[in-house]
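K.L.:
What follows is a structure written as structure tokens; I'll ask about it next.
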Amino acid sequence: MKKEIFNKLQKIEENYVKENEIPTRVKIAEVRHFSAGKIANKCTTGIKNNKKTLTDKLDNIICNRFLGPIVLFATLFGIYELAIVQGYNLTNYWWPVLGGLQDFVESLLPAEGFLSDPFITSFILWIVQGITAVLNYIPIFLILFALVAIMEDSGYMARIAFILDRIFRPFGLHGQSALPLLLGGLYVGGCAIPGIMATRAIKDERARHATILVVPLMNCLAKIPFYVLLINIFFFQVSGVMMFLISTVTIFVALSVSKILSLTVLKKMDTSPFVMEMPPYRVPSVKNVLRRVVERIWGFLKKVITIIALVSAV
């Protein structure tokens, strides 16, 4: 009986989408918003104030149909430059510290001789090297989490989701998927690990998992030497155009894969209509930003010590 009702409702939903060319979740969100407005108008009285607030003035630019995407692109490019480019520069100073940690662990192991087993020694060093290889990304995460926390506190993260959700939603992604995709290497350069970590801000479970699964398809720094090798061999005369073409094709492939995953593997995962309150713009609190950075870094370290160490051992 339940299955028959579910199939009937699903058929009604499919017919509605075909006739109106609008997802049911979007229509539900519009009706809820309209009904809430009617109830609020009947139950409340307000003083008319035609004076625009600072938030209204900023939204006229940031959420503008034409200027909004330009501001968004500049913001995402700035985050990429600070978190990935400058973060990688900081790893040049952080890696010697991790190398010292490896040397310290190696010094604690028994010296080669009759009582030592080379396999056990190598086994322990393999695990340590696997952990330190991931810990090398901590400078990137510090910058990334701080920037994400600043955008969340300032109110701009909600604007990013608002601008991009209409583009990404048909492919099973979320407006907030833009930042993880950029950090993962939306065009040339990036890294999947900070991109996946940035998906923590996505509340929609299906969209979050879809984003996690397509971020590794982006053009991370590890793939760039391979791209350059192939382009210099086969397309040397138009190398710049080919690099742009590869990066552009990657975006369409990622969107297509996300659509397929949403219709198959992730189909049964919970999703929700895109309903988001636009908070007023605020100056981010240094205390809140530092607290969120520490919490997220600590959560990452716990996973490194447990999951990554276990996988390295296996």
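The values are calculated or read from the model by the stated rules, or taken from the named source; none is laboratory data. Because the structure is a prediction, the values reported are computed rather than measured. Positions of Cβ are backbone-derived with ideal geometry, glycine not excepted, and every protein chain shown enters the neighbour counts. Only protein heavy atoms, including side chains, enter the accessible area calculation; ligands, DNA and RNA are left aside. Shrake-Rupley method; radii C 1.70, N 1.55, O 1.52, S 1.80 Å.
K.L.:
Got a number for residues in the range 264-314 being aromatic (Phe, Trp, Tyr) and either more than 21 Å from the chain's Cα centre (by Cα) or closer than 30 Å to Gln10 by Cα (or both)?
P.N.:
Result for the range 264-314: 2.
K.L.:
Write out, first by first residue and then by second, each pair whose Cβ atoms fall under 7 Å of each other, whose residues are 6+ apart or on separate chains, and whose first residue, in the range 81-103, is touching a residue at least 12 places away in the same chain (Cβ under 8 Å) while the second is open to solvent by less than 60 Å² (accessible area, probe 1.4 Å) and of a type in the set (Ser, Thr, Tyr).
P.N.:
Close Cβ pairs (under 7 Å, with a partner that is open to solvent by less than 60 Å² (accessible area, probe 1.4 Å) and of a type in the set (Ser, Thr, Tyr)) amount to Leu98/Thr132; Leu101/Thr132; Gln102/Thr132.
K.L.:
Same structure again: Regarding the range 71-90, can at least one residue be identified that is more than 32 Å from the chain's Cα centre (by Cα), under 29 Å from Arg282 (Cα atoms) and either among the aliphatic types (A, V, I, L, M) or open to solvent by less than 60 Å² (accessible area, probe 1.4 Å) (or both)?
P.N.:
Within the range 71-90 (the criterion being more than 32 Å from the chain's Cα centre (by Cα), under 29 Å from Arg282 (Cα atoms) and either among the aliphatic types (A, V, I, L, M) or open to solvent by less than 60 Å² (accessible area, probe 1.4 Å) (or both)), the answer is no, since none of the residues qualifies.
K.L.:
While we're on this one: Looking at (1) of a type in the set (A, V, I, L, M, F, W, C); (2) within 13 Å of Leu72 (Cα to Cα); (3) surrounded by fewer than 20 Cβ atoms within 10 Å (Cβ to Cβ), which is the only condition Leu164 fails?
P.N.:
(3)
K.L.:
Now for a separate question. Search the range 220-234 for residues being over 19 Å from the mean Cα position of the chain (by Cα) and open to solvent by 70 Å² or more (accessible area, probe 1.4 Å), and hand back the single one that is modelled with the highest pLDDT.
P.N.:
Of everything passing the filter in the range 220-234, Phe234 is modelled with the highest pLDDT.
K.L.:
Run Arg282 past the list (1) basic (Lys, Arg); (2) closer than 16 Å to Met151 by Cβ; (3) open to solvent by 80 Å² or more (accessible area, probe 1.4 Å); (4) in a helix (DSSP H, G or I) and report the number of the one that doesn't hold.
P.N.:
Going through the list (1) basic (Lys, Arg); (2) closer than 16 Å to Met151 by Cβ; (3) open to solvent by 80 Å² or more (accessible area, probe 1.4 Å); (4) in a helix (DSSP H, G or I), Arg282 breaks only (4).
K.L.:
Residues Ser177, Ser122: which one is over 17 Å from Val85 (Cβ atoms), among the small types (Gly, Ala, Ser) and more than 13 Å from the chain's Cα centre (by Cα)?
P.N.:
Exactly one of Ser177, Ser122 is over 17 Å from Val85 (Cβ atoms), among the small types (Gly, Ala, Ser) and more than 13 Å from the chain's Cα centre (by Cα), namely Ser122.
K.L.:
Among the residues of the range 192-219, write down those that are outside any helix (DSSP H, G or I) and open to solvent by less than 60 Å² (accessible area, probe 1.4 Å).
P.N.:
The answer is Ile202, Asp204, Met218, Asn219.
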